[in-house]
Amino acid sequence: MAQKTIEYAVGRTPEMGPDGRPTPSPLEPFDIPEPELDSEHMLINIGPQHPATHGVLRLVCELDGETVLNVTPHIGFLHSSFEKLGEYRTWNQIVPLTDRMDYLAPLIYNCAYVMAVEKLLGIEVTERAKVVRVILMELDRIFGHLLWLGTTAIDVGAFTPFLYTFEDRERIYRLHEAYTGGRITTSATRVGGMMADLPENWIAQLEDFLDSFPRTLAEVHRLLTNNQILIGRTQGIGAISAEDAVNFGFTGPNLRASGVAYDVRKDNPYYDYETYDFEVPIGENGDCYDRYLVRMEEMEQSVAILRQAIARLPEGPINVEDPSVSLPSKTDCMSDMESMIHHFKLITEGIKGPPGDCYFPVEASKGELGMYLVSDGGPKPVRWRVRPPSFVNISVISELARGHLIADLIMINASLDIVLGEIDR
């Protein structure tokens with residue numbers, strides 16, 4: 001009869017019974033290792049149509065239970081090919097494309113683009129144009145931060161700050177509309193100046209906003225800053241060190257929250273920012289809570305810059321007096337033959353400048369915004385390349401979220417303050 005040899009653990013000698021079979025030992029069941037409980041990682045999609053993604057963004061999350069192991073952002077759902085479109089449009093025709101990138105702070109992108117073109121063409125704008133652009137950019141810094149603040153409060157479960165912030169955003173919308181005729185798509189700038197000078201009483205309306213806005217910030221501070229729910233959801237969440245923040249390419253409030261005091265307005269100043277009295281707020285821990293505090297303080301600093309800019313706003317022309325760059329007035333165009341010819345040539349042929357390339361960075365509401373232009377001397381750019389802050393910031397979300405809960409991922413994504421129009425350019 002064939003027999004099966006039973007292998008025993010090393011060092012074990014079984015006791016044999018009268019029938020020649022080994023007697024079972026009461027300890028044997030404990031020698032058999034317990035089977036391990038196998039678990040499978042789960043992949044879930046957040047977006048591309050989800051309010052917590054703050055745009056048409058798809059986050060593919062690998063989870064172990066509720067713990068995030070990896071996050072892969074998928075972009076491109078809003079792709080508009082702005083950079084490629086710019087190669088087929090004259091220098092001024094590109095302006096409407098810029099305010100559709102960050103439609104939450106469009107005037108910053110309007111100004112940044114034409115400032116790069118003016119550097120390439122060697123154009124020096126008037127002092128009034130410089131101060132007006134500073135006013136518009138700082139106003140839209142507040143504009144962008146207010147939307148971030150309201151929607152982040154929604155993500156953490158607080159609805160009242162959303163109402164306060166959007167009420168003040170509506171007041172800025174009205175300032176947009178009074179100046180440009182549009183609320184979101186402003187297209188306010190022109191190469192060599194602006195679409196028009198500031199309308200009558202516009203500065204008075206801005207001053208009225210600045211008088212009341214600090215009260216809104218103080219009220220939001222009372223509601224959120226020491227709120228234990230917000231603190232529990234943000235402190236220690238999504239933290240990144242200063243060294244890692246620099247290595248990953250963070251800029252703007254996300255970088256400054258990690259303790260790096262880099263601000264383009266201070267480190268590479270433009271439009272006399274070095275003469276304005278303002279501070280650069282920085283954090284210590286680089287977590288979601290510090291990113292909240294930095295943006296809150298930045299709005300306070302923007303109010304101070306706006307007051308200084310209003311005080312130094314000079315009289316004079318808003319556009320350069322160069323017929324090869326700026327359109328003549330309608331009166332001159334209808335009464336002077338030479339002005340009509342300049343108007344015709346600018347509209348049909350566009351502005352022409354020397355061949356070359358340039359890069360011009362500004363401090364946008366979401367970080368360093370850079371415009372790179374290449375010209376062959378024609379009326380259109382050969383290449384237009386944007387260095388977008390949101391695109392760089394969203395690439396770090398996997399590092400920030402790894403090891404946190406899925407609920408923390410929502411706060412981490414909110415704290416980065418991204419806009420998909422600029423990412424999918």
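The values are calculated or read from the model by the stated rules, or taken from the named source; none is laboratory data. Bear in mind the structure is a predicted one, so any value in this text is a computation, not a measurement. So basically every Cβ, Gly included, is an ideal-geometry build from the backbone, and we count neighbours across all protein chains shown.
Identify, by number, the condition in (1) closer than 21 Å to P361 by Cα; (2) modelled with pLDDT under 95; (3) of a type outside the set (F, W, Y) that M299 doesn't meet. With respect to (1) closer than 21 Å to P361 by Cα; (2) modelled with pLDDT under 95; (3) of a type outside the set (F, W, Y), M299 is out only on (2). Look at the range 262-275: where a residue is on the phi < 0 side of the Ramachandran plot and surrounded by 15 or more Cβ atoms within 10 Å (Cβ to Cβ), no partner that is in a loop (DSSP other than H, G, I, E, B) and among the acidic types (D, E) sits 6+ places away or on another chain with Cβ atoms under 8 Å.
Among the criteria (1) modelled with pLDDT under 95; (2) touching a helix residue (DSSP H, G or I) at 6+ places or on another chain (Cβ under 8 Å); (3) charged (D, E, K, R); (4) within 26 Å of G370 (Cβ to Cβ), the one K352 does not fulfil is (2).
Does the range 257-286 hold any residues that are within 16 Å of R141 (Cβ to Cβ), under 20 Å from the mean Cα position of the chain (by Cα) and part of a helix (DSSP H, G or I), and which are they? The answer is V264, R265, K266.
Residues in the range 124-138 that are surrounded by fewer than 24 Cβ atoms within 10 Å (Cβ to Cβ), part of a helix (DSSP H, G or I) and of a type outside the set (V, I, T): E127, R128, K130. Only one of the numbered conditions (1) at pLDDT 95 or above; (2) surrounded by fewer than 20 Cβ atoms within 10 Å (Cβ to Cβ); (3) touching a Leu at 6+ places or on another chain (Cβ under 8 Å); (4) hydrophobic (A, V, I, L, M, F, W, C) is not met by A304, and that is (3). Taking the range 374-425 as the range and being farther than 20 Å from Y292 by Cα, in contact with a Phe, Trp or Tyr (Cβ under 6 Å, 6 or more places away or on another chain) and of a type in the set (A, V, I, L, M) as the test, only I423 passes. Being under 13 Å from V220 (Cβ atoms) and either polar (S, T, N, Q) or assigned to a helix (DSSP H, G or I) (or both) is the filter here, so list the residues in the range 155-168 that pass it. Answer for the range 155-168, where residues must be under 13 Å from V220 (Cβ atoms) and either polar (S, T, N, Q) or assigned to a helix (DSSP H, G or I) (or both): V156, T160, P161, F162, L163, Y164, T165, F166, E167, D168. Restricting the range 307-362 to residues that are among the β-branched types (V, I, T) and under 21 Å from I108 (Cβ atoms) leaves a set whose member that is surrounded by the most Cβ atoms within 10 Å (Cβ to Cβ) is V362.
R183 meets the conditions (1) within 20 Å of the chain's Cα centre (by Cα); (2) under 22 Å from I305 (Cα atoms); (3) free of Cβ contacts under 8 Å to residues at least 60 places away in the same chain in every case but one. The failed one is (2). Within the range 305-336, the set of residues being more than 35 Å from the chain's Cα centre (by Cα) and among the β-branched types (V, I, T) comprises T331 only. Being surrounded by 17 or more Cβ atoms within 10 Å (Cβ to Cβ) and over 30 Å from T189 (Cβ atoms) is the requirement here; does L69 meet it? Against the criterion (surrounded by 17 or more Cβ atoms within 10 Å (Cβ to Cβ) and over 30 Å from T189 (Cβ atoms)), L69 does not qualify.
Just need a number here: residues in the range 186-213 that are part of a helix (DSSP H, G or I), touching a residue at least 60 places away in the same chain (Cβ under 8 Å) and within 26 Å of the chain's Cα centre (by Cα). Adding up the residues that qualify gives 3. E399 satisfies every condition listed in (1) closer than 30 Å to E118 by Cα; (2) modelled with pLDDT under 95; (3) of a type in the set (D, E, K, R) except (1). Note on the range 96-119: residues that are crowded, with 23+ Cβ neighbours inside 10 Å, outside any loop (DSSP other than H, G, I, E, B) and touching a Ser or Thr at 6+ places or on another chain (Cβ under 6 Å) amount to 7.
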